[in-house]
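Working notes, structure below.
Values quoted throughout were computed directly from the atomic coordinates according to the rules given, and no laboratory measurement underlies them. Here the structure is a predicted model, which means the values were calculated and not measured. Note that each Cβ is placed from the backbone with ideal geometry, even for glycine, and that neighbours are counted across all protein chains shown.
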Amino acid sequence: MGKREIKIISYDCPGCGATVQIDADQTEAKCEYCGVSFKIEEEKQQPASNTNVVNPISGAIASTVKTIGKIYIGIIAVIGVIVLIAIISAITNLNSDSVSNSTTVQIIEADPFENLEVKLDDAAPWGTISYVRGKVDGYSVEYSVDKSKKLSNGDIVTIKAEPRDGYEWTRDSYEYTVEGLDTVITDISMLSEEDIELITSVAKEEIQKKWDEVFDDSDETITAESINLQINLYKTYLNISDSDYYSPYLDSNSVLVAFETTYTIDSKDYTLYQFATLDDVIIEPDNSMVADFNTIWCNGYLNLGDYGFNHYCGISAYESVLKMESDMKRTDFTLIK
């Protein structure tokens, strides 16, 4: 029997995709890897690059290598997916850590007005806030106020606490009621009868002292009895100014006590209108009245008539009540009777 030349072709198994080596004359074949039987279509027959007799084992090896390559590619793809998942997870954890770190800053809730201290100066209606201060956890808080000057008892001042890092205020504003200011006398009716009597007696004493100086300088040739000196209360006035220049010092808050002073020299009668002023007259929170009794307006001369000299009296002295009141009205104050 003679040898037949076998023509081997490569064909891809329609079942598993492995390349199998088959006889070119075959019309049917069976995959040696997956066992699938299939027909050989002429147009899909691929002539082998080597038309020599081929050992079937070499085809199996080639198919195995191809399969291993596909498995390797699959493994690489799986590893790539795993690496990608790991990267995404790491980025997610990093962002999570960042958010975690940002939220780990503890915000403390506190009341900035719990230890509030407000310092008031001067007297109403010219009271002022000299400072507002307070502390939270030992640290100073900054404040702002909507009004700090020309305050009176009962006024409402809104105080706001400025924001501070790391803290959340339980309230950012506080309504402070002004109280405890001394009350400036703005009307004579605010003075009790006892207050007016005290003011009047002090003012009269000051005028009497000036007359005593006149008598001392006269070497007792003139006495209160010899000239029939009479010092009688005329009117009590109150000067209140709304001038910003005077108000911080309360110098404009003056009670003026005017006296009608009469005396007789050589059978001639004289009348003077003299007054003393008491500055900074206020009523304290306990309703007691205080004033600067040492402030005396010093101008004018006392005419001693035929004795031939003028003695400086040291207090205001007018020969006409109209002249006195006219001078008072020309000041920066408003005259209130």
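A few comments on the model shown:
- The slack between Tyr131 and Ser152, meaning 0.36 nm per residue of separation minus the straight C-alpha distance, is 5.9 nm.
- Using the Cβ-Cβ distance between Val202 and Tyr139 with R0 set to 51 Å, the FRET efficiency from 1/(1 + (r/R0)^6) comes to roughly 0.50.
- Full extension of the chain between Glu32 and Ile82 yields a length gain of 14.5 nm, computed as 0.36 nm times the residue separation minus the alpha carbon distance.
- Local electrostatic count at Phe259 - Lys and Arg +1, Asp and Glu -1, tallied over other residues with Cβ under 12 Å: 0
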